[in-house]
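K.L.:
The structure's right below; bear with me while I get my questions together.
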Amino acid sequence: MVVSSENRLSRDHLQGGLIISVQAPEGSPMRHPDVIAAMAEASLRNGAVGVRLESPEHIGAVRERCPDALIVGLWKRSFPDSSVYITPRWEDIRAVWAAGADVIALDATARKRPSGQELEMLIEQARTELGATLMADVDSVENGLRAAALGCDWVGTTLFGYTEDTAQLSPPAMNLLHPLREQLPSSTLLVCEGGIASAVIAADAIDGGADAVVVGTAITGVDLQVAAYCRHLKRQTV
């Protein structure tokens with residue numbers, strides 16, 4: 001059965017759901033588009049409501065293999081004049097959308113963006129020129145509320161612990177969920193992402209106010225998980 005984009009994005013489909021972040025670091029053999037697409041399909045077959053993917057190449061590969069998948073797409077890009085790296089520029093937004101994403105995730109923190117581009121302008125362009133659904137990756141309640149006011153449809157706690165202002169904090173951002181849910185419009189989807197290391201923590205996030213959760217490393221992060229196990233075992237044998 002063909003699932004329309006509208007149905008993939010419906011609250012009924014997403015409520016209490018698990019979105020799998022299927023990514024792999026540069027240089028990893030897991031980063032091959034066919035491997036990413038296989039992991040995405042396995043995730044969807046076993047109950048995930050969607051996948052979060054990095055780069056137009058991987059988005060395109062998963063869209064081809066899983067045409068009915070809900071895809072949250074982003075593109076990590078680094079620039080010397082900014083610490084923003086999640087879909088930072090208009091060119092990156094357009095590329096993610098053209099590759100087949102249903103939702104475009106972008107950094108919606110207050111940090112300076114590369115090339116002097118402004119968050120307000122990017123959100124407006126994405127909405128008016130593309131008609132895109134946007135997920136704001138934020139690090140604070142303030143930035144989440146601002147992103148929603150600017151027109152982002154989803155707000156995710158993705159960058160809590162990963163920005164200069166929150167570097168001393170560790171995800172998951174459980175303390176952001178209640179105030180965000182209380183103050184966000186009821187139509188805004190609240191997503192808990194980052195540091196969800198078990199099914200118990202995922203359930204706690206839903207109980208805490210999140211509509212959906214994103215899990216990556218704990219499920220698909222083969223490189224990081226194996227390295228962590230090996231480090232721990234080496235410490236045990238010293």
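The values are calculated or read from the model by the stated rules, or taken from the named source; none is laboratory data. Worth saying up front: this structure is predicted, and the values here are computed from it rather than measured. Here the Cβ is made from the backbone with ideal geometry for all residues, glycine too, and neighbour counts use every protein chain on show. Surface accessibility is based on the protein's heavy atoms, side chains included, excluding ligands, DNA and RNA. Shrake-Rupley method; radii C 1.70, N 1.55, O 1.52, S 1.80 Å.
K.L.:
Find out how many positive minus negative residues lie around Glu41, taking Lys and Arg as positive, Asp and Glu as negative, among other residues whose Cβ is under 15 Å from that of Glu41. Before the final figure, lay out each step's value.
P.N.:
On the way: positive: Arg45, Arg52, Arg63, Arg65; negative: Asp34, Glu64, Asp68.
Net charge in that neighbourhood comes out at +1.
K.L.:
Hey, another quick one. Counting only other residues whose beta carbon sits under 13 Å from that of Ala205, what net charge do I get with K and R as +1, D and E as -1? Don't jump to the answer; show the numbers that get you there.
P.N.:
Numbers: positive: Arg181; negative: Glu193, Asp204, Asp207, Asp211.
Residues near Ala205 contribute -3 overall.
K.L.:
Multiply the residue separation of His178 and Ala42 by 0.36 nm, subtract the distance between their alpha-carbon atoms, and state the gained length in nm to one decimal. All intermediate terms of the calculation are to be shown ahead of the outcome.
P.N.:
Values: separation 136, 0.36 × 136 = 48.96 nm, distance 3.20 nm.
Fully extending the segment from His178 to Ala42 adds 45.8 nm.
K.L.:
Based on the alpha carbons, how large is the Rg to Rh ratio for the range 53-149 when Rh follows Kirkwood?
P.N.:
Values: Rg = 13.0 Å, Rh = 13.5 Å.
With Rh from the inverse mean 1/r over Cα pairs, Rg/Rh is 0.96.
K.L.:
Continuing with this model, one more query. Grab the Cα-Cα distance for Ser10 and Trp90, subtract it from 0.36 nm times how many residues apart they are, and report the gain in nm with one decimal. If you can, show how the numbers build up before the last one.
P.N.:
Details: separation 80, 0.36 × 80 = 28.80 nm, distance 2.60 nm.
Working it through step by step, the gained length comes to 26.2 nm.
K.L.:
Tally the DSSP beta bridges in the range 1-122 and give the antiparallel ones as a percent, rounded to 5.
P.N.:
Details: 2 of 12 bridges.
Around 15 percent of the beta bridges assigned by DSSP in the range 1-122 are antiparallel ones.
K.L.:
Still on this structure, please answer the following. Just add up the charged neighbours of Ile19: K/R +1, D/E -1, any other residue whose Cβ is under 9 Å from the Cβ of Ile19.
P.N.:
Numbers: positive: Arg52; negative: Glu193.
Residues close to Ile19 contribute a combined charge of 0.
K.L.:
With semi-axes √(5λ) of the Cα gyration tensor in Å in mind, check (i) 28, 19, 19; (ii) 26, 25, 15; (iii) 25, 22, 20 and report the label derived from this structure.
P.N.:
Here semi-axes √(5λ) of the Cα gyration tensor in Å agrees with entry (iii).
K.L.:
I would also like to ask the following. Check which residues have an amide H placed less than 5 Å from Arg52's amide H, if you skip close sequence neighbours.
P.N.:
Distant-sequence amide H within range of Arg52: Ile20, Ser21, Val22, Val72.
K.L.:
If you don't mind, another one. Work out the FRET efficiency for Gln168 and Arg231 from their Cβ-Cβ distance, taking R0 = 30 Å, and round it to the nearest 0.05.
P.N.:
Numbers: r = 23 Å, r/R0 = 0.76.
That gives a FRET efficiency of 0.85.
K.L.:
Taking every DSSP beta bridge with both residues inside the chain, roughly what % is antiparallel (nearest 5)? Present the calculation step by step, with values, prior to reporting the outcome.
P.N.:
Values: 2 of 30 bridges.
Around 5 percent antiparallel, to the nearest 5.
K.L.:
In deg cm²/dmol and to the nearest 500, what is the mean residue ellipticity at 222 nm of the chain if only DSSP H runs of at least 4 residues count, each as -39500 (n - 2.57), divided by the residue total? Provide the component values of the computation, followed by the final result.
P.N.:
On the way: 11 runs with 97 residues, N = 238.
Helix-only estimate at 222 nm: -11500 deg cm²/dmol.
K.L.:
For the range 79-190, what does the accessible surface come to per residue with a 1.4 Å probe? Please give it in Å².
P.N.:
Values: 4620 Å² over 112 residues.
Here the residues of the range 79-190 average 41 Å² of exposed surface.
K.L.:
Rounded to the nearest Å, what's the spacing between the alpha carbon centres of the range 97-171 and the range 179-223? Just the number, please.
P.N.:
16
K.L.:
For the range 25-34, take each phi angle, set θ = phi - 60°, evaluate the Karplus expression 6.51 cos²θ - 1.76 cosθ + 1.60, and give the result in whole Hz per residue in order, putting x for glycine and proline.
P.N.:
Computed from phi, the couplings for the range 25-34 are x, 4, x, 7, x, 6, 7, 4, x, 5 Hz.
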